[in-house]
Structures are given as structure tokens and as C-alpha cells.
Amino acid sequence: MTTVKEIIGEMSTPSPEDIALVENAYEYSKKAHGGQTRYSGEPYFTHPAATAKILAEYGMDATTIAAGLLHDAVEDGCISRADVEKEFGKDLLFIVDGVTKLGTHKYRGAERHAESLRRLLVATASDIRVLIVKLADRKHNMQTLKHVPEHKRRRIALETLEIYAPIADRLGIGKMKNILEDLAFPFVDPDAATHVAEVRKLKTKETEDGLAKVQKELKQQLAKKGLTTFRTDIRMKGLWSLHQKLRRKHDDINLIHDIAALRVIVPTIEDCYATLGTVHALYKPLPGEFKDYIAFPKPNGYQSLHTTVVTPEAGIVEIQIRTEEMHRRAQFGIASHMSYKQLREKVGKLEEKAQKSRFSSLSFSWVR
Ligand code: MN
């Protein structure tokens, strides 16, 4: 069972009021769900507690975390909306109500309805915090989906793939998108999931040693240019997105060059372009594969430089170059470590940018 200490431990610089709010909501929800159990046989409260911890990990504020603790308490627990409002205020009740409303719209599996349902959910949510609580709720439900009766699993997994992962993507929460997809994939198509996992495993072994050499070589070259405060990591493509790409490439793994990508995370934007220069001086880039998402961010706000190069050590490799700030945003999205007010301003700016950008295919008005 997730403890309240663990939840608070994930929060960044909580005030005494924040801590008191989360502790209060924790005890309140525990009581409200007293005696209820999950399909797994565990106490029901394990679910809202886990949801709240996910929200804390994603940098959400105390009110949103408390709403995560209480998100099922009115519907499934034995407390009234008036109780919640009296104890925790209108703002928190608004989020809980929103999450409950989202739950009434269910995906029934017709692909042509997916986009309209996504739009309906976003419109219903009307507040980005509602969506983020719902995504955290869904993440924990997917983590425990194997306990749910078999005939329900597929629908829930499909809904996760078709509705919630794309919503996470559009909010720019890349980390959540990949996690949701890879949790759902085995329930939607078990054989394909096993196959793709095996393919990726083989390819990982092959590229890991090579990438380690590339990493070393690049570090030396960057150090020569005076760039020493950077870090690199290797990211593996998610199983579901690899599956999608394999289908487009006629199941030929050798046509996919971004199964493993090398990430270089540097302090400033200037460093990004300097690093790109070093990379291209060291390895020949593939023509047409360079993308400058710093000058031209994706509509969801994603920024990075992407290039694909030919290395003697690891063959064709995708290299992603970004700042710490861009890295954090790519993982946690516009929700990352921001107050609600900052968030609203940010969404406003993104919307403005999206409208100006010739690359924009998406309006941000629905994120509001
Ligand atoms: Mn729930």
C-alpha cells in the first residue's frame, strides 16, 4: 500500500499547507473506501493512493494530488459531493466531478469514433487537471488490469490505446503515452506483443555495445570543444510504437533506424546546435532525416534536434539533442512542475504558437 509519506516524498518543495491537504485527503479517502476491495482482492484504497503517487511523480500540485486520492470516493465510496466540498473546497470537487464525468463516456471499439470521443473527453474535462488525474487513474488501472475479468480487459486496453495514450501525447506527456501503450499492447494483441518484444530484444543486444562506443567517442569530441556538462542516455522505442512502425515497413526491422536512440542532454540551446555540429562532423548524416524541433516545435510543444547518422560502431543511429528543460517537458509535458495558473498561461502561449506555426495541424483550444 502506498503510504502518504511516499506520496509527499515525490512532491517538489511542498508547503506545510500542501502536506496537510494531502494527509487529510489520504485519511479521508481511506475511510471512504473502507471495506471495499479491488478485483485483485486488495483494499480498494490501494488504487487512489497509487493514483496520487503517480500525480506527485508527474509534478502536479497538492490540490490535484488530493483530488487523485478522492477521485473515486464519491462514486464508489460512501461520501457525498457536499462532504467533499465542505472538507476540501469547490476547486477539488470540480476535479473529482470532472473525472467522474469522463468515466461515463466509454470507447466501444469503432476506430472512426476514436477522434470524436477524444474530443468529447477533452471538452468534458474542461480543465487540464481533470485529464491528468484521469491519465494517472488509467495508468494504475492498466498496471492492475490482469486482475480484471477477462471479457472486460480488451475493451479497457483498446480504450487506453485509442483514446488515452493519444490524449497523453497531445498534452506532450511522452513518458505517459509510451507507458500506457506498452501496458495495453499485450492485452490487445498478445502474439504481436511477444513478437515485437523479441525483435526489440535481439536488436537491443546488437546496438547496445555499438551505442556505448558512439557515446564514448562523442563525449571525447564534445569535451574537446569545451562542452563537459552534458549527459547522454539511450532510449529504446516503445513496443507499441515499434509495432506500428514495423507494420508500415512490412515487418522489416532493418528499415527502422530509431529502435534505439542516443540522447544528448546539454545546458543551453546554443549547446544543442554546437553538439549537432560535432555529431555531423563525426558521422555522416542521412539526408532528409534531420529535424529541428527547437526552431519548429511540434504542436504539443515538443522540442529537440533529431538527426540520423551512420556510425562505424553501431550502424545507423538516431541522435536526439535537447536541453534539460526540453527533456523534462518531453517526459512530463506541459503539466510538469507548474502551478495551474502557469499552466493556463502556457497553454495560451502554445495555442498562439500553434496558430502561427505553419507546421500546426492542431488547435490547442481543446486543451483549455
Ligand atoms: Mn479510479
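The numbers here are math on the coordinates, done by the rules we state, and not lab data. What you are looking at is a predicted structure, and each value in this text was computed from that prediction instead of being measured. When we count neighbours, we look across all protein chains shown, and the Cβ atoms used for this are built from the backbone with ideal geometry, even at glycine.
Farthest toward the dipole's positive end in the chain, which of Gly68, Gly288, Pro312, given Cβ charges of +1 (Lys, Arg) and -1 (Asp, Glu) about the Cα centre?
Of the candidates, Gly288 comes out farthest on the positive side.
About its Cα centre, what dipole magnitude does the chain give when the only charges are +1 on Lys and Arg Cβ and -1 on Asp and Glu Cβ, stated in debye to the nearest 20?
860 debye
Could you tell me what % of all Cα pairs in the range 183-269 have separations over 22 Å?
40 percent
Listing His195, His33 from the residue with the fewest other Cβ atoms within 10 Å to the one with the most, what is the order?
Result, fewest neighbours first: His195, His33.
If I model a spin label as a point 7 Å beyond the Cα along the Cα-Cβ vector, how far apart are those points for Arg231 and Leu120 in nm?
Each label point is offset 7 Å from its Cα along the Cβ direction, giving 4.3 nm.
Measure nothing fancy, just the Cα-based angle from helix 128-143's long axis to the longest principal axis of the chain, in degrees from 0 to 90, nearest 10.
80 degrees
Check which residues have an amide H placed less than 5 Å from Thr311's amide H, if you skip close sequence neighbours.
Here the answer is Ile316, Val317, since their amide H atoms fall under 5 Å of that of Thr311.
Treating only the Cβ atoms of Lys and Arg (+1) and Asp and Glu (-1) as charged, compute the dipole magnitude of the range 1-135 about its Cα centre; round to the nearest 20 debye.
That gives a dipole near 600 debye.
For the range 199-329, with only Lys/Arg (+1) and Asp/Glu (-1) charged at the beta-carbon, what is the dipole magnitude about the Cα centre, in debye rounded to 20?
Using only the charged Cβ atoms, the result is roughly 320 debye.
Please work out the ratio of the alpha-carbon Rg of the range 199-329 to 2.2 N^0.38 Å and round it to two decimals.
Scaled against compact globular proteins, the figure is 1.03.
Setting aside same-chain residues fewer than 8 positions from Lys31, which lysines have a Cα under 30 Å from its Cα?
Candidates past the 8-residue exclusion: Lys5, Lys53, Lys86, Lys90, Lys101, Lys106, Lys134, Lys139, Lys146, Lys152.
Cut-off is 10 Å between beta-carbons; in what order do Leu282, Leu102 appear when sorted fewest neighbours first?
Exposure proxy ranking, most exposed first: Leu282, Leu102.
Divide the volume of the convex hull of the Cα atoms of the range 151-198 by its number of residues and quote the answer in cubic angstrom per residue.
So the per-residue Cα hull volume is 60 Å³.
For the Cα atoms of the chain, what angle does the longest principal axis make with the long axis of helix 46-57, in degrees from 0 to 90, nearest 10?
The angle comes out at about 40 degrees.
Filter the trypsin sites (Lys or Arg not before Pro) in the range 115-150 to those in DSSP coil with at most 16 other Cβ atoms within 10 Å of their Cβ, and list the result.
none
From the residues Ala25, Ile132, Thr37, which one has its Cα farthest along the dipole of the chain in the positive direction, the dipole being from +1 and -1 charges on Cβ of Lys/Arg and Asp/Glu about the Cα centre?
Highest projection toward the positive end goes to Ile132.
Got a sec? How would Ser304, Ser12, Ser126 order by Cβ neighbour count within 10 Å, fewest to most?
Ser12, Ser126, Ser304
Can you give the log10 of the normalised intensity I(q)/I(0) at q = 0.13 Å⁻¹, computed with Debye over equal Cα scatterers of the chain?
Cα-only, vacuum Debye calculation for the chain: -1.13.
Could you pull out the trypsin sites (Lys or Arg not before Pro) across the range 230-264 that fall in loop regions by DSSP (anything but H, G, I, E, B) with no more than 15 other Cβ atoms inside 10 Å?
Loop-located and lightly packed - Lys249.
Got a sec? Charge dipole of the range 4-188, +1 on Cβ for Lys and Arg, -1 for Asp and Glu; which of Gly172, Thr46, Ile79 is way out at the positive end?
Among Gly172, Thr46, Ile79, the one farthest towards the positive end of the dipole of the range 4-188 is Gly172.
To the nearest 10 degrees, how steeply does helix 174-188 sit against the main Cα axis of the chain, on a 0 to 90 scale?
80 degrees
Would you please give the residues with an amide H less than 5 Å from that of Thr323, counting only those at least 5 places away or on a separate chain, with H modeled from the backbone geometry?
Val266
Any chance you could list the semi-axes, whole Å, largest first, of the equivalent ellipsoid that the Cα gyration tensor gives for the range 4-188, using √(5λ)?
26, 18, 16
Mean residue ellipticity at 222 nm from the helices of the chain, using -39,500 (n - 2.57) per DSSP H segment of n ≥ 4 over the full residue count, to the nearest 500 deg cm²/dmol?
-18500 deg cm²/dmol
Check each of the chymotrypsin sites (Phe, Trp or Tyr not before Pro) in the range 6-86 and keep only those in coil by DSSP with at most 13 other C-beta atoms within 10 angstrom; list them in order.
Tyr39
Hey, could you pull the Cα Rg and Dmax for the range 97-169, both in Å?
Answer for the range 97-169, Rg first and Dmax second: 11.7, 33 Å.
Any idea how far the Cα center of the range 215-234 sits from the one of the range 253-314, in Å?
14 Å
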